[in-house]
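Undergrad: First, the structure itself, so that you have it in front of you.
The values are calculated or read from the model by the stated rules, or taken from the named source; none is laboratory data. The shown structure was predicted, so the numbers you read here are calculated from the model rather than taken from an experiment. Neighbour counts run over all protein chains shown; Cβ positions are idealised from the backbone, glycine included. In case anyone asks, the SASA skips ligands and DNA or RNA and just uses the protein heavy atoms, side chains included. Shrake-Rupley method; radii C 1.70, N 1.55, O 1.52, S 1.80 Å.
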Amino acid sequence: MLLPAFFLICGALLATGGCVGVHDDLDGGISLHCTRMAVNILEGEDVSFSVLSGPNDVTSLSTIYMISSSGNEPLGAYSFRPESEGVYTFMAECQGHYSDPVSISAAALQTTGDSFLRRTVIADFTATWCTNCPQMAAALSEAQARSGGRLLKIAVYYLDELQIPAGKALTERFGIAALPAVMTGFDNTLMTSIASSDILLTHFAKWEDNVGELPTPGIALSTTLSGNTLSVKAEVASASTEEYLLGAALLEDGIVKAQTGAGEGYVHNSVLRAMLHAGGETALAESLGSIPEGESKTKDYTIDIQGVPLSSSVLVWVMDTQGNCRSAALCKAGESAPFAYESK
């Protein structure tokens, strides 16, 4: 079933505040968000969807569509489990309102193999007052999906109510002079203010070239919740004898807050809420020391997450002493993420 041409008009209107005038109770438009941006088909992972209009959950009134070249088909459910690798794009409809498209990636991530999966952090410097930041976030979401889940986002807010001291320090560390700005691999030579998934993927390819011959360390994460306390265990396995640094951050998804350029019901994802590593308010990572080839080292963190909902995640990155981001991993709070390997 093909969606009407109104979808194209609605997509443009959402960029300036949403579709209006159809139903007064949805005048702020609707937004679609999901529990995962990347799924591992070998683990049978699925993604669940929810639809918001401002702060209101209108999922039960909505239909989720999968967008493809052959047409747009209703899912008939609020979850999806892919059976093959690729990029899948979805949108929501509620009482004549349409959301912006959202893409997820599906990959076959091996839990055994010879080489650890190479992933990196992509830092989105943004703010609720930034008119062009929603377009950048959409381009970044597309780039993440097209990368097969190898780009792990951290949204760093600046000079607004979502800013934290560590985020302000990161912004100043990398000399961010204007927003939006997206940086790949904590390398400020791989920075762009242009909302283009092609440019972001070009920067990802350059990051891969920069670390090309360097062995990729593995990262396994396990997290447990006990009351308001989140405990995190990060294990770093070395493919060569080297000195490493480890950074860790608590992120939050699904924050509904007014966004200039996108309206009242905008959903903010991957928002930096705290740094977990020692000296995190100013330091990018802490020393792990030397790890012999074939061995691993663990680091434990605990944080009080009172006030942070369970829609939170832990992002961890490993750097070398030359400042190269060598790998990264992401884990939902209360879940585990084993070592991932390159597909054979």
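Undergrad: Between Thr282 and Trp129, what FRET efficiency comes out of the Förster formula 1/(1 + (r/R0)^6) with R0 = 25 Å and r the beta carbon distance, rounded to 0.05?
TA: Working: r = 25 Å, r/R0 = 0.98.
So the FRET efficiency works out to roughly 0.50.
Undergrad: Can you tell me the accessible area per residue over the chain, all protein chains present, probe 1.4 angstrom, in square angstrom? Numbers along the way, then the final one.
TA: Details: 14640 Å² over 344 residues.
Accessible area per residue, the chain: 43 Å².
Undergrad: Next question. Give the ranking of Ser238, Ser311 by solvent-accessible surface, highest area first, calculated with a 1.4 Å probe. If you can, show how the numbers build up before the last one.
TA: Working: Ser238 5, Ser311 45 Å².
Ranking Ser238, Ser311 by accessible area, largest first, yields Ser311, Ser238.
Undergrad: Rank Asp187, Asp209 by accessible area, highest first, at a 1.4 Å probe radius? Kindly include the intermediate steps, with their values, before the conclusion.
TA: Numbers: Asp187 40, Asp209 120 Å².
Greatest to least solvent exposure: Asp209, Asp187.
Undergrad: Based on the mean of other beta carbon atoms within 10 Å per residue, what is the order of 150-158, 71-79, most packed first?
TA: On the way: 150-158: 24.2, 71-79: 12.4.
In decreasing order of mean packing, 150-158, 71-79 become 150-158, 71-79.
Undergrad: Same structure again: Taking only Cα atoms and a 10 Å spring cutoff, compute GNM fluctuations for the chain and point out the largest among Glu161, Glu286, Glu208.
TA: Of Glu161, Glu286, Glu208, the Gaussian network model singles out Glu161 as fluctuating most.
Undergrad: Determine the relative contact order of region 58-118: mean sequence separation of Cα pairs under 8 Å and six or more apart, normalised by residue count, in whole percent.
TA: Numbers: 80 pairs, mean separation 18.0, N = 61.
Value for region 58-118: 30 percent.
Undergrad: Per the 1.4 Å probe, what fraction of the accessible area of the chain, in percent, lies on carbon and sulfur atoms? Please report the intermediate quantities before stating the final value.
TA: Values: 7230 of 14640 Å².
That fraction is 49 percent.
Undergrad: While we're on this one: Once you keep just the Cα pairs under 8 angstrom separated by 6 or more residues, what percentage relative contact order results for region 142-296? Provide the component values of the computation, followed by the final result.
TA: Values: 224 pairs, mean separation 36.0, N = 155.
Once normalised by length, the contact order is 23 percent.
Undergrad: Return the inverse of the average 1/r over all pairs of distinct C-alpha atoms in the chain, which is the Kirkwood hydrodynamic radius, in Å to one decimal. Working shown, then result.
TA: On the way: mean 1/r = 0.0487 Å⁻¹.
Computed over the chain, the radius equals 20.6 Å.
Undergrad: Relative contact order for the chain using alpha-carbon pairs under 8 Å, separation at least 6, rounded to a whole percent? Before the final figure, lay out each step's value.
TA: Working: 869 pairs, mean separation 65.7, N = 344.
Across the chain, relative contact order equals 19 percent.
Undergrad: Could you point to the residue in Trp317, Ala262, Ile154 farthest towards the positive end of the chain's charge dipole, with +1 and -1 charges on the Cβ of Lys/Arg and Asp/Glu respectively?
TA: Most positive-ward Cα: Trp317.
Undergrad: With a/c under 1.5 counting as rounded, go ahead and sort region 56-170 into rounded, prolate or oblate using the C-alpha gyration tensor (a ≥ b ≥ c being the square roots of the eigenvalues; past the cut-off, prolate if a/b is larger than b/c, else oblate). The partial results should precede the final answer.
TA: Working: a/c = 2.35, a/b = 1.12, b/c = 2.09.
Oblate is the answer for region 56-170, as a/c is 1.5 or above yet b/c matches or exceeds a/b.
Undergrad: Then there is this: Can you tell me the 0 to 90 degree angle between the C-alpha axis of helix 197-210 and the longest principal axis of the chain, rounded to 10?
TA: 10 degrees
Undergrad: Right, here's the next one. Between Thr321 and Glu264, what length in nm is gained on full extension when 0.36 nm per residue of separation is reduced by their alpha carbon distance? Provide the component values of the computation, followed by the final result.
TA: Values: separation 57, 0.36 × 57 = 20.52 nm, distance 4.31 nm.
Between Thr321 and Glu264, full extension yields 16.2 nm more.
Undergrad: Turning to a different aspect of this structure: Can you send over the solvent-accessible area of Leu245, 1.4 Å probe, protein chains only, in Å² to the nearest 10?
TA: Solvent-accessible area, nearest 10 Å²: 50 Å².
Undergrad: Report Lys332's accessible area, 1.4 Å probe, all protein chains in place, as a number in Å² to the nearest 10.
TA: Lys332 has an accessible surface of roughly 50 Å² with all protein chains in place.
Undergrad: Taking the Cα-to-Cβ direction at Ser70 and at Glu43 and moving 7 Å from each Cα, how far apart do the two end points lie in nm?
TA: It is 3.0 nm.
Undergrad: If you don't mind, there's one more thing I want to ask. Taking 0.36 nm per intervening residue step and subtracting the Cα-Cα distance, what contour gain separates Ser79 from Asn228 on full extension?
TA: On the way: separation 149, 0.36 × 149 = 53.64 nm, distance 2.81 nm.
Roughly 50.8 nm would be gained on extension.
Undergrad: Distance between Cα centroids, region 121-183 to region 30-84: provide it in whole Å.
TA: One Cα centre to the other: 24 Å.
Undergrad: May I pose another question? Using a Förster radius of 25 Å, what is the FRET efficiency between Thr189 and Glu342 based on their Cβ-Cβ separation? Nearest 0.05, please.
TA: On the way: r = 26 Å, r/R0 = 1.03.
With a Förster radius of 25 Å, E is 0.45.
Undergrad: Now a separate question. Regarding region 188-344, what are the three Cα extents along the principal axes, ordered largest first, in Å?
TA: The Cα atoms of region 188-344 stretch 50, 42, 36 Å along their principal axes.
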